[in-house]
Amino acid sequence: MTASLLSVDKLDVRFALRARRGLLPTWIDLRAVDSVSFTLGAGETLGIVGESGCGKSTLARAILRLVPAAGGRVLWLGEDLTKLDDDAFRRQRREFQIVFQDPLAALDPRMTAGAIIAEPLRTFHPELSRAATEAKVAATMRDVGLAPEHINRYPHEFSGGQCQRIGIARAIVLEPKLLVCDEPVSALDVSIQAQIINLLKRLQRDRGMAMIFISHNLAVVQHLCHRVLVLYLGKAVELAPTERLFARPLHPYTQALIAAVPVPDPAVERHRTKVVLRGDLPSPLAPPSGCPFRTRCPEADAVCAQSMPALLPAASDHTVACHHAGRVR
Amino acid sequence: MTEPLLAIQGLDVRFATPDGEVPAVRDVGLAIEPGECVGIVGESGSGKTQAFLAVMGLLAANGRASGSVRFEGEELLGRDRASLDRIRGRRLAMVFQDPMTSLNPYLTVSRQMTEVLMVHQGLDEPAARAESLRLLDRVGIPDAAQRFDHYPHAYSGGMRQRAMLAMALLCRPALLIADEPTTALDVTVQAQILALLAELRRETNAAIVLITHDLGVIAGLADRVGVMYAGALVEVGPAAAVFASPRHPYTRALLGSTVRLDRAGTGDLVAIDGQPPNPLRLPPGCAFSDRCPQTFARCLGERPPLRDVAPARAAACHLDTA
């Protein structure tokens, strides 16, 4: 395997929450991301999936240092980003960009589309002439499917799908090596979703960018990603190449997650075997002992309550954290 | 021929706004038979929710409905609130997307449920409490007896939606309208709620209108499907037939742009170019004409009506008559 672009090693993110019990305030440690490790190669797309509160967005933000890491390392081309001082980090920052879920909220309403897309250029390339900046902005707008004549419009004059294109244009204008997409299509209608998915796929292919694609929509992740990481309550429970993960999921949570996605075809949907999980996600403030999934797992037994299963290889590039991964299925 | 359970004819919904009158629902006609489950699918702004809020008499103050909505033989449009209240909540119930905003945060779940039975069915409090608790347990609230007197904030999202379903079913309605009942939920919880809806349907034999933007949600449950675009029904038919061989280009495009988990394609999705029209400036012909790959001259000038194209199937497209 070639050297990885990004290597995340036992990354921890904790939030201290103030508890209201008793007279004196006490603090509870919320482990939003708990010792998560993975690597990402150049030009590779990694999907991160899981339900609300599993830590998928927090993990991405910790990699980009938008939230501080409590422990672990984030190696970018061998250099630990968590150890860099602010100036050194800012110089690296142009190499990884992020696209957010809510396209309108992520754009400054008082800036025109052109100014929004040009801002990273002005920050990192102050030497560029006005004409050169404008040419680059127009070319990027065309690349994401926006008409360059709309350069002077404000975000509210665009539809949701077009705003997401502006967000993508801003993220790719510096030609980053890594693009992090945090639920980039979840706020969009199905027909617009398909446009943005096609766009991201083409950009990733044409520019050879690596991508981290965060989504709760498994079908979209399957369509776009080379490998998939499954998170549950802040812990990595399974990591495998996409085809393998969907064909032979080993973790009972991954199996349930895949089974729960309805297929838009009555001929298929009505004959699928459903694994309906019991209950809700436990509170991340009081996670179960041992394996976090054991309270809802159909396979759980005494061992699962005692110790957290380690993430172990089940095949060469397929790792899973389950005491019973060999027995399940 | 006997009258259907719900007969909607020529339903128009318009909203008065500072920019002019916005047509949200245009000439919708649909009949729903007892015990049947009809899925209504469409993207945001397609009018799917407003059409059924009009059925319930729950339009916002600036909204006005015209046409005809007959439920169990009685006209619902134009009724005053008191006479509507005798029907809705009892024979006709609705659950909404966001269960937190539909439950009253100041009242315990037990109080909200028992009130329904005391008002509509004249039960005394102990009887109403017993029946409410039975239903809360039936919809799968864990430790229902303990949670019965809790406030809604103590319930998780999935539990709130279960409580909403229990509340809607208290009076054994003949028709349940479920508006995006699982959209706010995680996928494993969505699977629980959909399984519950299917069970409740078998038990109560209530007809269900399932409004959603998710074709997958409809695929498992609906007998028939209605597809809405820009305020109008563009296709109606049996679910299996509509999914297998859609007649309207919009239905086809919607199915093409949906990513399917069971088809690991890596090719491009069939995206629909452009976006739905602004309801204030609808094109004079077919509302889908500016995005449709098969548009021809007639589509630009003449609006296609919804008409029968095969037994039990209807579509609003000029291609079917060309």
C-alpha center-to-center spacing [region A:136-195, region A:266-329] in angstrom | 37
Give or take rounding to whole Å, what are the principal axis extents of the alpha carbon atoms in chain A, in descending order?
-> 68, 57, 48
Taking only Cα atoms and a 10 Å spring cutoff, compute GNM fluctuations for chain B and point out the largest among B:45, B:140, B:301.
-> B:301
Apply 1/(1 + (r/R0)^6) to the Cβ-Cβ distance of residue A:122 and residue A:150, taking R0 = 25 Å, and write down the FRET efficiency to the nearest 0.05.
-> 0.80
Percent of alpha-carbon pairs separated by more than 16 Å within region A:232-329 | 58
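Quick one: if you take sqrt(5λ) for each eigenvalue of the C-alpha gyration tensor of region A:1-122, what semi-axes come out, biggest first, whole angstrom?
Numbers: eigenvalues 153, 101, 47 Å².
Over the Cα atoms of region A:1-122, the ellipsoid semi-axes are 28, 22, 15 Å.
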Given unit charges at Cβ for Lys, Arg (+) and Asp, Glu (-), the dipole magnitude of region A:7-72 about its Cα centre in debye, nearest 20, is 400
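Largest first, what is the accessible-area ranking of B:156, B:245 with a 1.4 Å probe? Numbers along the way, then the final one.
Details: B:156 35, B:245 55 Å².
Descending order: B:245, B:156.
How compact is region B:1-147 by the rule of thumb for globular proteins, expressed as Cα Rg over 2.2 N^0.38 Å? It would help to have the intermediate numbers written out before the result.
Values: Rg = 17.8 Å, N = 147, 2.2 N^0.38 = 14.7 Å.
The value comes to 1.22.
Residue by residue through A:195-201, how many Cβ atoms from other chains fall within 10 Å of the Cβ on average? Could the numbers behind the result be given before it?
Details: counts 7, 2, 5, 6, 2, 0, 4.
Average neighbour count from other chains, rounded to a whole number: 4.
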Report, as a whole number in µm² per second, the diffusion coefficient that Stokes-Einstein gives for region B:128-195 at 4 °C and 1.567 mPa s using the Kirkwood radius over alpha carbon pairs.
-> 104
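Mind checking the mean number of beta-carbon atoms from other chains within 10 Å of the Cβ atoms in B:250-263?
Mean shielding by partner chains, rounded to a whole number: 6.
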What figure in square angstrom, to the nearest 10, would you give for the accessible area of residue A:297 with a 1.4 Å probe?
-> 10
Rg/Rh for region B:120-163, where both radii come from Cα atoms and Rh is the Kirkwood radius | 0.99
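In deg cm²/dmol and to the nearest 500, what is the mean residue ellipticity at 222 nm of chain B if only DSSP H runs of at least 4 residues count, each as -39500 (n - 2.57), divided by the residue total?
Details: 12 runs with 107 residues, N = 322.
Calculated at 222 nm, the ellipticity per residue is -9500 deg cm²/dmol.
R0 = 41 Å: FRET efficiency of residue B:320 with residue B:149, Cβ-based, nearest 0.05?
On the way: r = 57 Å, r/R0 = 1.39.
Between residue B:320 and residue B:149 the formula returns 0.10.
Return one whole number: the accessible area per residue of region A:1-102 in Å², for a 1.4 Å probe.
On the way: 5360 Å² over 102 residues.
Dividing the accessible area of region A:1-102 by its residue count gives 53 Å².
To the nearest 20 debye, what charge dipole does the protein assembly as shown have about its Cα centre, counting +1 at the Cβ of each Lys and Arg and -1 at the Cβ of each Asp and Glu? Show your work: numbers first, answer last.
Working: 72 positive and 69 negative charges, 149 e Å.
So the magnitude is around 720 debye.
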Figure the gain on full extension for residue A:90 and residue A:270 (residue separation times 0.36 nm, minus the Cα-Cα span) and round it to one decimal in nm.
-> 59.6 nm
Once the whole set of protein chains is in place, how much accessible area is left on residue B:289, using a 1.4 Å probe, in Å² to the nearest 10?
-> 10
Per residue, how much space in cubic angstrom lies within the convex hull of the C-alpha atoms of region B:75-194?
-> 109
Gap in Å between the Cα centre of region B:103-170 and the Cα centre of region B:34-74?
-> 26
Quick one: work out the % antiparallel among DSSP beta bridges in chain A, nearest 5.
-> 60
Just the Cα atoms of the protein assembly as shown, one point each, no solvent: what log10 I(q)/I(0) does Debye give at q = 0.05, 0.08, 0.11 Å⁻¹?
-> -0.26, -0.67, -1.24
How much of residue B:229 can a 1.4 Å solvent probe reach, expressed as accessible area in Å² and rounded to 10?
-> 10
Taking only Cα atoms, what is the 0 to 90° angle, nearest 10, from helix B:187-204's long axis to the longest principal axis of chain B?
-> 80
Would you mind counting up the charge near residue B:76? Only other residues with Cβ under 9 Å from its Cβ, with Lys and Arg at +1 and Asp and Glu at -1.
-> +1
Rounded to the nearest 20 debye, dipole of chain B from Cβ charges on Lys, Arg, Asp, Glu | 160
Which one of B:34, B:5, B:82 has its Cα pushed farthest toward the positive end of the charge dipole of region B:1-111, where Lys and Arg give +1 and Asp and Glu give -1 at the Cβ?
-> B:82
Tilt relative to chain A, helix A:160-172 - C-alpha long axis, 0 to 90 degrees, to 10 | 80
Alpha carbon centroid spacing (whole Å) that separates region A:196-217 from region B:274-322 | 33
Accessible area, 1.4 Å probe, largest first: how do A:318, A:150, A:324, B:213 sort?
-> B:213, A:150, A:324, A:318
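Which FRET efficiency, nearest 0.05, do residue A:79 and residue A:52 yield, Cβ-Cβ r, R0 22 Å? Mind showing how you got there, number by number?
On the way: r = 33 Å, r/R0 = 1.49.
Computed FRET efficiency for residue A:79 and residue A:52: 0.10.
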Chain A, helix-only ellipticity at 222 nm - DSSP H runs n ≥ 4, -39,500 (n - 2.57), divided by all residues, nearest 500 = -9000 deg cm²/dmol
Calculate the tail of P(r) for region A:85-182: the fraction of all Cα-Cα distances greater than 15 Å, expressed in %.
-> 59
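Highest mean first, what order results for A:71-82, A:93-104, A:230-241, B:181-192 on Cβ atoms within 10 Å? Each step should come with its number before you reach the end.
Numbers: A:71-82: 16.2, A:93-104: 19.8, A:230-241: 24.7, B:181-192: 22.2.
Result, highest mean Cβ count within 10 Å first: A:230-241, B:181-192, A:93-104, A:71-82.
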For labels at residue A:202 and residue A:310 in the simple 7 Å Cα→Cβ model, what's the distance in nm?
-> 4.7
Would you please classify the overall shape of region B:158-228 from the alpha carbon gyration tensor, given that a ≥ b ≥ c denote the square roots of the eigenvalues, rounded means a/c under 1.5, and beyond that prolate means a/b larger than b/c while oblate covers the rest?
-> oblate
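Work out the P(r) tail for region B:180-322: percent of alpha carbon pairs separated by more than 18 Å, whole number. Numbers along the way, then the final one.
Working: 6334 of 10153 pairs.
It works out to 62 percent of all Cα pairs.
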Cross-chain or 8 or more residues apart, Cα under 25 Å: how many lysine pairs in the protein assembly as shown fit that? Count them up, please.
-> 14
Mind checking how much accessible area B and A bury in total, 1.4 Å probe, in Å² rounded to 100?
-> 3500
Region A:137-242: Rg to Rh, with Rh as the Kirkwood radius over Cα pairs | 1.00
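By how many nm would the segment from residue B:33 to residue B:21 lengthen if fully extended, with 0.36 nm per residue of separation less the alpha-carbon distance? Walk me through the numbers before you get to the answer.
On the way: separation 12, 0.36 × 12 = 4.32 nm, distance 3.30 nm.
Using 0.36 nm per residue and subtracting the Cα-Cα distance, I get 1.0 nm.
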Taking all protein chains as present, what is the carbon and sulfur share of the accessible area of the protein assembly as shown, in % to the nearest whole number, probe 1.4 Å?
-> 52
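The values are calculated or read from the model by the stated rules, or taken from the named source; none is laboratory data. Since the structure is predicted, the reported quantities are computational estimates derived from the model, not experimental observations. Counting neighbours? That spans all protein chains shown, and the Cβs are built from the backbone with ideal geometry, glycine included. Just the protein is used for accessible areas: all its heavy atoms, side chains included, with ligands, DNA and RNA removed. Shrake-Rupley method; radii C 1.70, N 1.55, O 1.52, S 1.80 Å.
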